[in-house]
Structures are given as C-alpha cells and as structure tokens.
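The structure appears below as structure tokens.
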Amino acid sequence: MKLFLKSNPIRLEIGYELGYGPNAEIAELILAFKEDDEEILFNFIEYDETKDPYKAMISKMNVEYFHAGVFWGPDYETTARVADLLKRKSYNKEANLTNEQWIEEFRKQELNDMDAGLIHEIEELLYEYAHDFLELKEYPEAVQNFIYPRVKFQNKLWLKHVDIPQHLKNVIWYALQTKEEIINALELTDFWFSCAIVSKGTAPEQFNSYLSYIEEHGFELEAPDGMVLYIQIRNKERFLEKTLPKLKRFTDIEVTEEESPNDNQ
C-alpha cells in the first residue's frame, strides 16, 4: 500500500491487498481512524429517479444489452417480465410461446425496426429492474432494521471529493461503533463505503476524518489497479501523530510526501 500525503484528499492506494468485498480487514482499517471519544457516521445515499440525468442513456443501453443477451447474465425474472410485455403488445396474443421463445423472437428483430412505444416500455422496465433500490424504504427489511435505529442525521450534505450527483435526494447518516457493526453495514449495503469520523454527538460536516473507499482502474501501465481510500482530515498533526501509527501497525504502508500521479484521473 502507498499513502500520498500531499494529495488532496490524501490518497491511500490499497489495490486488492485487503481482498475484494466486505471483510474484517476493511472494518479494522476504518477503526484505525477512530478515537475513544468518537463515533463513525456511515452515509446511505438516496436518489431521485425522475432527476437522473443519465436515465435516457442507461435505458437505451439496457435495451441494447438485453437484446444482445448480455443484460448482467441470465435472469429469469427479467426474462419473464419482458416476455409478458412482448406478449401483451403482440398482434398475435394467442401464440403459444414460452417466455424463452418470446425473447428469442424479440432478439431476431432489429431494434430500429420495432415499435418505439414497445421499446420505451422495455426501457422503463429494465431501468426499474436495474435500479430497484433508490431509497432506503425500498431495501429489504434486514437493511432497514439495521439502519433506521442508528440514524443520527438526514440531509443533503455531500462530502465526497467527487461532484454531487444531480439526482441526489437524501443522505442518511447512521452511527456505528464496533467492528461487527461495520462489517454488517458493508455486507448489507455496499463495501464501497463513505463515512465521517466525528466527536460523539457531532454533525457529519464537523468531521475529524472523512473516508471514501472506491475501486479505480488506471489507463496507463504504471497506474494502480484496485481499491483506493480517499482521506479528508481536519488536523494533519493529529493524523500524523495518532492515525498514521495505527495504520502502520495494521498493515505495511509506504508513506510519501509526493502527490499521486493519479490525482486527476
């Protein structure tokens, strides 16, 4: 791992040294930033489908992928729903075809030759399927039961170092304290996490540290490939004196005062 102290935010290039997916090592990495008088505020982001600037592009791509048979691998529920739509819209509603045969007939035709209204309905169906969960209330009960009792703040506060999405609807901040709670959060939601480390009872915008964990793939041969932790801090001295020694005990980290050549990717 390599830590770039002069990058803004600070950048810890991890690769796949902690594996891929939620695990105890990621939870321990987060806890290295937390002091005894602090708590961890994970954020859960909700989106507004009606304001998604990429919906038209995504919907068109979904139909093209489904037509080509590569819509995220085989899914029988999706096939059944599209087949039912094709049957309802067909002039030959009495055709005794299986779902697979309806889809096969659909894929024999050129998309540009099909009824525009039908294609639009398929686009809406596939977009809805691919974006089943845009708000917490739409998630499985286990996810809701884990997050709702721990909620501390709800707002539209955007702390990530990337641009705020146009269809942001709400940010839910919920408190975690233990390694087990963090692992549960990663497993129930997404291991590409973002969280604020705050003094207990403090709002997320008053964070001492803010972490964003994502996967990156560089285009250059020398570019890193894998997971990156972006670190925003209030107090660099505190980070160097308290957090960095814990990180070094946790794993082997090369620290450099240089900026990362991948900052602008």
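Of note:
- Of the chymotrypsin sites (Phe, Trp or Tyr not before Pro) found in region 19-49, the ones in coil according to DSSP and having at most 16 other Cβ atoms within 10 Å of their Cβ are Tyr20.
- Over region 2-69, volume per residue of the alpha carbon convex hull, in Å³: 205 Å³
- Here the calculated FRET efficiency for Gln177 and Asn235, from their Cβ-Cβ distance with R0 = 25 Å, stands at 0.70, rounded to the nearest 0.05.
- Candidate cross-link partners of Lys169 among the lysines, defined by an alpha-carbon separation under 25 Å and a same-chain spacing of 8 or more, comprise Lys51, Lys55, Lys60, Lys137, Lys152, Lys156, Lys160.
- Label selected from [x] -0.73, -0.81, -1.26; [y] -0.65, -0.75, -1.29; [z] -0.58, -0.68, -1.28, the criterion being log10 I(q)/I(0) by the Debye sum over Cα atoms at q = 0.10, 0.11, 0.17 Å⁻¹ as computed here: [y]
- Debye equation applied to the C-alpha atoms of region 49-186, log10 I(q)/I(0) at 0.11, 0.18, 0.20 Å⁻¹: -0.59, -1.04, -1.18
- Highest mobility in the GNM of the chain, judged by mean-square fluctuation with C-alpha springs under 10 Å and restricted to Leu126, Leu97, Leu247, is found for Leu97.
- Efficiency of FRET from Cβ geometry, Ile58 and Asp36, R₀ 45 Å, rounded to 0.05: 0.50
- Positive contributions from Lys and Arg (+1) and negative ones from Asp and Glu (-1), summed over other residues with Cβ under 12 Å from the Cβ of Ile214, come out at -2.
- Difference of contour (0.36 nm per residue) and Cα-Cα distance, Leu111 to Ala95: 3.6 nm
- Accessible surface ranking that places the most exposed of Tyr54, Tyr65 first, with a 1.4 angstrom probe: Tyr54, Tyr65
- Legend: residues Tyr129, Tyr213, sorted from most to least accessible area (1.4 Å probe; ligands, DNA and RNA excluded), read Tyr129, Tyr213.
- Evaluated at q = 0.18 Å⁻¹, the base-10 log of the normalised Debye intensity for region 111-194, with identical point scatterers placed on the Cα atoms, takes the values -0.91.
The values are calculated or read from the model by the stated rules, or taken from the named source; none is laboratory data. Here the structure is a predicted model, which means the values were calculated and not measured. Because the Cβ atoms are built from the backbone with ideal geometry, glycine has one as well, and the counts that use them run over all protein chains shown. Just the protein is used for accessible areas: all its heavy atoms, side chains included, with ligands, DNA and RNA removed. Shrake-Rupley method; radii C 1.70, N 1.55, O 1.52, S 1.80 Å.
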